[in-house]
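Engineer: Got a structure here, written out as structure tokens. Questions coming.
The values are calculated or read from the model by the stated rules, or taken from the named source; none is laboratory data. Small disclaimer: the values here were computed from a predicted structure and weren't measured. Here the Cβ positions follow ideal geometry from the backbone for every residue, glycine too, while neighbour counts run over all protein chains shown.
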Amino acid sequence: MSGLVLDASVTLCWLFEDQATAYTDSVLDRLVGGAEAQAPAIWPFEVANALVVAERRKLVKPAQSAAFIEALNQLPIQVVSDGVERAFREVLEAARRYRLSAYDASYLDLAMAKSLPLATVDGSLRGAARMAGVSVA
């Protein structure tokens, strides 16, 4: 299976080199190599928030953020907005069942709904994925 659900934790490791790992690099390599990623509607907001916080902390400059966003736009990442309708049902239930934030549960729900593996470095989300029978990409 070449597709996956991409979460913000992996995405941001591509910007912050000190957080990059062989795993996060392999996810990026898969996308560059033609695999397609899907992300819930919260993903661009989480990435944008991390960028603005990093700018305020002087970790990156706005030009670096802009270049990073441009690079992301070149990757085969589809933001899935149909999950918004699932927020008050399936996402809320997943958050309750697996003790996740609703944000993290949106990634898990998308992976379950699309039968795709989940790419994340978040330990709680990885554990929830395993409990839900979702493979970790």
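Engineer: Can you pull out the residues in the stretch 86-100 that are charged (D, E, K, R), out of contact with any Asp or Glu (no Cβ under 9 Å at 6 or more places or on another chain) and more than 16 Å from Gly133 (Cα to Cα)? Explain how you work it out, then say what you get.
Structural biologist: First, pick out the residues of the stretch 86-100 that are charged (D, E, K, R): 86, 89-90, 93, 96-97, 99.
Next cut, out of contact with any Asp or Glu (no Cβ under 9 Å at 6 or more places or on another chain) only: 89, 96-97, 99.
Once the filter is applied, which keeps residues that are charged (D, E, K, R), out of contact with any Asp or Glu (no Cβ under 9 Å at 6 or more places or on another chain) and more than 16 Å from Gly133 (Cα to Cα), the stretch 86-100 yields Arg89, Arg96.
Engineer: Scan the stretch 1-36 for residues that are in contact with a helix residue (DSSP H, G or I) (Cβ under 6 Å, 6 or more places away or on another chain) and of a type in the set (A, V, I, L, M) and jot them down. Walk me through how you get there before you give the answer.
Structural biologist: Residues of the stretch 1-36 in contact with a helix residue (DSSP H, G or I) (Cβ under 6 Å, 6 or more places away or on another chain): 5, 7-8, 10-15, 19-20, 24, 27.
Matches in the stretch 1-36: Val5, Ala8, Val10, Leu12, Leu15, Ala20, Val27.
Engineer: For the stretch 98-126, which residues satisfy the criterion of being surrounded by fewer than 23 Cβ atoms within 10 Å (Cβ to Cβ), in a helix (DSSP H, G or I) and free of Cβ contacts under 8 Å to residues at least 24 places away in the same chain?
Structural biologist: First, the residues of the stretch 98-126 that are surrounded by fewer than 23 Cβ atoms within 10 Å (Cβ to Cβ): 98-103, 112-117, 121-124, 126.
Among the residues that remain, those that are also in a helix (DSSP H, G or I) are: 98, 102-103, 112-114, 123-124, 126.
Matches in the stretch 98-126: Ala102, Met112, Gly123, Arg126.
Engineer: Sticking with this structure for a sec: Within the stretch 13-44, restricting attention to residues that are among the acidic types (Asp, Glu) and at pLDDT 95 or above, which residue is surrounded by the most Cβ atoms within 10 Å (Cβ to Cβ)?
Structural biologist: Per the stated criteria, the residue is Glu36.
Engineer: Pull up the stretch 45-66, narrow it to residues that are of a type in the set (Gly, Ala, Ser) and surrounded by 14 or more Cβ atoms within 10 Å (Cβ to Cβ), then point me to the one that is farthest from Gln19 (Cα to Cα). Talk me through it step by step, then tell me what you get.
Structural biologist: Taking the stretch 45-66 as the starting set, the residues that turn out to be of a type in the set (Gly, Ala, Ser) are 48, 50, 54, 63, 65-66.
Then drop every residue that is not surrounded by 14 or more Cβ atoms within 10 Å (Cβ to Cβ), which leaves 50, 54, 65.
Working: Ala50: 13, Ala54: 14, Ser65: 16 Å.
The selected residue is Ser65.
Engineer: Right, something else. Which numbered condition trips up Leu12, out of (1) aliphatic (A, V, I, L, M); (2) over 16 Å from Leu118 (Cα atoms); (3) within 12 Å of the chain's Cα centre (by Cα)?
Structural biologist: (2)
Engineer: Can you find, within the stretch 127-137, the residue that is farthest from the chain's Cα centre (by Cα) among those that are without any contact (Cβ under 8 Å) to a residue 24 or more places away in the chain and not in a helix (DSSP H, G or I)?
Structural biologist: Across the stretch 127-137, the extreme among qualifying residues is Gly133.
Engineer: In the stretch 68-88, what residues are in a helix (DSSP H, G or I) and among the polar types (S, T, N, Q)? Quick ask: steps written out before the conclusion?
Structural biologist: As a first pass, look at the stretch 68-88 and keep what is in a helix (DSSP H, G or I): 68-73, 82-88.
If the condition is that a residue be in a helix (DSSP H, G or I) and among the polar types (S, T, N, Q), then Asn73 is the only one that fits.
Engineer: Would you confirm, using the coordinates I've provided, whether Val79 is surrounded by 13 or more Cβ atoms within 10 Å (Cβ to Cβ), modelled with pLDDT of 95 or more, touching a Pro at 6+ places or on another chain (Cβ under 8 Å) and not acidic (Asp, Glu)?
Structural biologist: Numbers: surrounded by 13 or more Cβ atoms within 10 Å (Cβ to Cβ): yes; modelled with pLDDT of 95 or more: yes; touching a Pro at 6+ places or on another chain (Cβ under 8 Å): yes; not acidic (Asp, Glu): yes.
It is true that Val79 is surrounded by 13 or more Cβ atoms within 10 Å (Cβ to Cβ), modelled with pLDDT of 95 or more, touching a Pro at 6+ places or on another chain (Cβ under 8 Å) and not acidic (Asp, Glu).
Engineer: If you check Val5, Val10, which single one turns out to be crowded, with 23+ Cβ neighbours inside 10 Å, in contact (Cβ under 8 Å) with a residue 60 or more places away in the chain and within 20 Å of Ala67 (Cβ to Cβ)? Step through it out loud before you land on a result.
Structural biologist: On the way: Val5 fails: within 20 Å of Ala67 (Cβ to Cβ).
One residue alone meets the criteria, Val10.
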